[in-house]
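Below is one structure, written out as structure tokens, with a few remarks after it.
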Amino acid sequence: MIHHHLTTALRAALNYYLDAANQAQTLEHLYNTAHDDATLIKILAELREKSPKVIPHATAGAQSLPLVVCQQMSRNVIHRPLGGSALGVEQTISNQTAQIELMTAGAEATEVLGQLIITALHALRKDFISNGYLTFQFENVAELAPQEMLAAEELGVFVRRLTISAMMHDSAGVNLFSPDEVVGTLSLGLSPQGRVTPI
């Protein structure tokens, strides 16, 4: 699920950052000490000319550069609060990790696009929290493995991988398929809806 949320959020953020009307705000918002404004304006113009496509992992069809791919790497349930027969709602709290892989045809474009995405993730953190995430944080930028670097160089593709971690509260809602039933004789006085009743 997190990769779809990231796809939606980054599409909106990059549309804003790469809009020529927002260039002054983008330069002010972008924390980048490695490039001067003239260089950034040139790279932003290049990215604007061929806007990065933001897609979830395993999207069908041929894709062209620049490309931003969002992929969920893991989802591990760490807590299962009282749910089901106690509250009528099945709930879990899970840790999720996601990887954002960005690819362009130029090293400088990759660096600036990566910085735009990192800046967007920091700016969007409150939105993720207000939409059901308990934690949401940018973790790191990972280098490619040696064999991947060689393949990327041969293809003229520059790649960066960013890792996101989050904790999310999941709820399945009320059981729509069958009513709760107590099976067996050790019901401890539970009614079919899970409420304690006098024995």
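Of all residues in the range 98-114, those satisfying the criterion of being surrounded by fewer than 18 Cβ atoms within 10 Å (Cβ to Cβ) and either at pLDDT 90 or above or touching a helix residue (DSSP H, G or I) at 6+ places or on another chain (Cβ under 7 Å) (or both) are 101, 108.
Restricting attention to the range 40-73 and to residues that are loosely packed, with under 14 Cβ neighbours inside 10 Å and closer than 16 Å to residue 158 by Cβ, the residue that is modelled with the highest pLDDT turns out to be 50. Among the residues of the range 52-76, those that are in contact (Cβ under 8 Å) with a residue 60 or more places away in the chain and more than 17 Å from residue 139 (Cβ to Cβ) comprise 52, 65. Residues that are touching a helix residue (DSSP H, G or I) at 6+ places or on another chain (Cβ under 8 Å) and surrounded by fewer than 18 Cβ atoms within 10 Å (Cβ to Cβ): does the range 3-14 have at least one? Within the range 3-14 (the criterion being touching a helix residue (DSSP H, G or I) at 6+ places or on another chain (Cβ under 8 Å) and surrounded by fewer than 18 Cβ atoms within 10 Å (Cβ to Cβ)), the answer is no, since none of the residues qualifies.
Just one of the listed residues (76, 140, 95) is assigned to a strand (DSSP E or B), modelled with pLDDT under 90 and over 30 Å from residue 39 (Cα atoms), namely 76.
The values are calculated or read from the model by the stated rules, or taken from the named source; none is laboratory data. Note that the structure is predicted; figures quoted are calculated from it, not measured. Ideal geometry is used to build each Cβ from the backbone, glycine not excepted, and the neighbour counts take in all protein chains shown.
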